[in-house]
Amino acid sequence: MNKADIFEDVKNEVMDYFTSLSAPEQYTIGLIIITAIFFVILERLSPYTKCQRILRDGFFDDFIFYNIAQTYILGLLILGYMIIFADKSTDFSRLHLFSETLSHADPLCFQKF
């Protein structure tokens, strides 16, 4: 298998995954990619630290710890505690704003959006 076949397989897998997403998921991923490109261009035009490369030493540590780990922990905190607490306090799930098929006892975070 040559490199062109590997890149073609990766491209096909990415496109298959992207087309399997719902429209809001596709828009969200597209918006995230466009925003990332915008911030890279903005950082190049007016850098916070002169002569600093985008893929500098420590970039991947920052990416892993500040983006992935922090997002995961905050996601657990928000979905696991805050939304359930807010729903128990206000009982908004009785309004069935996000789902009409779940029972009244199901927390808001378990309803399908």
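The values are calculated or read from the model by the stated rules, or taken from the named source; none is laboratory data. Values in this document were obtained by computation on a predicted structure and should not be read as measured data. Neighbour counts run over all protein chains shown; Cβ positions are idealised from the backbone, glycine included. For the accessible areas, the whole protein counts, side chains as well, though only heavy atoms, and no ligand, DNA or RNA atoms are used. Shrake-Rupley method; radii C 1.70, N 1.55, O 1.52, S 1.80 Å.
Taking Thr101, is it open to solvent by 90 Å² or more (accessible area, probe 1.4 Å), out of contact with any strand residue (DSSP E or B) (no Cβ under 9 Å at 6 or more places or on another chain), at pLDDT below 80 and of a type in the set (Ser, Thr, Tyr)?
Answer is yes for this residue.
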(request) Determine the pairs where a residue that is open to solvent by less than 60 Å² (accessible area, probe 1.4 Å), located within the range 12-29, has a partner that is in a helix (DSSP H, G or I) with Cβ atoms under 8 Å apart, the partner being 6 or more residues away or on another chain. (result) Leu21/Ile29; Gln26/Phe18; Ile29/Phe18
(request) Just name the residue that is surrounded by the fewest Cβ atoms within 10 Å (Cβ to Cβ) out of those in the range 40-90 that are assigned to a helix (DSSP H, G or I), more than 23 Å from the chain's Cα centre (by Cα) and among the charged types (D, E, K, R). (result) Arg44
